[in-house]
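Below is one structure, written out as structure tokens; comments come after it.
Bear in mind these aren't lab numbers, they're just calculated from the coordinates by the rules spelled out. In this text, all values refer to a predicted model and were calculated from it rather than measured experimentally. Quick reminder, even Gly has a Cβ in these numbers, built from the backbone with ideal geometry, and neighbours come from all protein chains shown.
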Amino acid sequence: MFETLTITLREGIEAALVIGIILAYLGKTNKQALKKYVYAGIIAAVAGSIATAIAIQMLLAELSEFMEGLMFFIAAFFLGTMLIWMHRTSKRIRQDIEQGVESALNKWQALGVLALTFFMIYREGAEIVLFLSATASEANIVSALEGAAGLSLAVLFGYLFIKGSLRMNLGRFFKITGIMLSIIIFQLIVGGIHEWAEVGIIPQSPLYMRIIGPLALESTSIMFSGIMLGFLVLLFIMVPWQQIKIEGTEGIEKRKALGALRKERNRKIIASVVATSLILAFVTTQISALPTGTDPTPEKVSAAGGVIKIPVASAADGNLHKYVCDAQNHPANCPMHGSDGKADARILAIKKSDGSVAVAYDACALCGAAGYKQEGNLLVCKRCGAPIDPDTVDLGGGCNPIVLPYTVEGGEIVIKTEDIGVNADLFKN
């Protein structure tokens with residue numbers, strides 16, 4: 001949440017700066033007739049960005065976990081290089097762009113201005129497209145509204161900048177948005193690692209996923225959103241609400257100007273306190289509203305003759321069920337606990353869409369024995385929040401539960417205790 005707003009606002013403002021500086025330079029050099037080529041370049045760049053978005057969506061119509069991870073990494077790379085570029089050039093951005101315009105005028109005149117505008121604006125549009133493509137699986141009406149809001153604010157900024165009524169400290173603006181982009185880049189990298197870990201491209205261990213897993217949870221994303229909102233508040237209060245001129249004033253006029261400055265400062269303090277309170281309330285409400293899911297207490301089952309038997313009917317109600325061997329009452333029949341004699345292997349069972357019941361360990365190779373809970377019709381990994389379709393429970397791979405051999409005989413699920421014991425050490429405390 002709010003990543004889309006941040007990216008579109010940042011990229012849009014960069015584009016607005018480019019357009020404003022080019023138009024201002026043409027005005028200063030009495031090249032008013034060339035402004036129409038600036039507008040033509042803008043239109044061409046917007047059309048090119050839209051065409052790029054359509055092409056990417058056609059290529060990624062069905063995002064696989066590999067492609068999702070790849071898009072996360074590509075978006076992180078381009079955002080990172082853009083962040084470095086802006087850090088290096090933010091202090092001389094006007095000079096660099098004016099030199100580019102002057103070079104274009106000397107060489108190509110109209111064509112040069114059009115080409116310069118196109119490539120400068122298309123770069124910003126392409127970065128937006130890449131980011132939105134990386135998060136395409138999470139796209140919804142909220143992200144679309146965020147994007148529209150970010151671009152609208154950027155257009156307003158560009159208008160005020162060109163008109164000369166906006167006196168924003170651009171150095172501070174780029175520092176704050178730089179921190180925001182760093183947070184987004186971090187989230188993209190974590191998302192890419194998680195997606196590629198699920199398909200085995202990046203080998204992971206339960207220890208590693210104890211670190212990465214919580215960062216992929218929705219509650220963590222909400223907290224990051226709260227931080228992003230805080231930075232947006234900083235951006236809001238650092239923009240002058242009114243133009244107050246003190247230089248060159250004396251006497252009563254200077255006192256009035258100083259009084260107006262104090263009033264503006266006090267209004268900003270009040271606004272920031274109110275905004276901070278609302279952000280904290282938003283984060284708290286969003287986290288508390290997250291589905292907690294159902295995590296049933298494991299039922300104890302007895303083993304006899306080297307097998308345990310679970311009635312299919314007991315797990316065919318659509319709810320998640322978990323089981324452990326009743327080692328306390330039947331220790332001799334439960335060789336399914338770990339080598340330390342304390343780790344009882346948990347088994348899960350849940351109904352699939354075809355009416356059959358899937359059985360597996362309540363653990364996965366990536367996140368270990370954190371286990372699963374049920375949210376609606378899905379299982380959800382308790383460590384990283386990955387959703388699991390019940391139809392894939394007994395297929396293994398990625399964040400799916402570890403496969404456990406079983407058969408169905410006469411209305412009962414039959415599992416050998418020796419098979420259960422193979423991965424019982426995963427459940428050590």
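When the pairs Lys36/Lys175; Lys175/Lys268; Lys382/Lys416; Lys382/Lys428; Lys351/Lys428 are compared against a 25 Å limit on Cα-Cα distance, Lys36/Lys175; Lys382/Lys416; Lys351/Lys428 fall above it. In terms of surrounding Cβ atoms within a 10 Å radius of their Cβ, Leu426, Leu188 rank from fewest to most as Leu426, Leu188.
Peptide packing for 314-321, 395-402 was compared via the average number of neighbouring C-beta atoms within 10 Å per residue; ordered from the highest value, the list is 395-402, 314-321.
Packing here is the average count of other Cβ atoms within 10 Å per residue, and on that basis the peptides 296-304, 352-360, highest first, run 352-360, 296-304.
Scalar couplings 3J(HN,Hα) for region 308-324, obtained by applying the Karplus form with A = 6.51, B = -1.76, C = 1.60 to θ = phi - 60°, are 10, 10, 10, x, 4, 4, 6, 10, 9, 8, x, 9, 6, 10, 10, 9, 9 Hz; x denotes Gly and Pro.
The protection proxy used here, the mean number of other Cβ atoms lying within 10 Å of each residue, ranks peptides 189-196, 36-43 as follows, highest first: 189-196, 36-43.
Across region 390-400, coupling constants 3J(HN,Hα) worked out from phi with the 6.51/-1.76/1.60 Karplus curve, θ = phi - 60°, read x, 5, 10, 4, 9, 9, x, x, x, 8, 5 Hz, and Gly and Pro carry x. Phi angles of region 42-49 translate, via the Karplus equation with coefficients 6.51, -1.76, 1.60 and θ = phi - 60°, into HN-Hα couplings of 5, 4, 5, 5, 5, 4, x, 5 Hz per residue; Gly and Pro are given as x.
Over region 299-427, the ratio between the Cα radius of gyration and 2.2 N^0.38 Å evaluates to 0.98.
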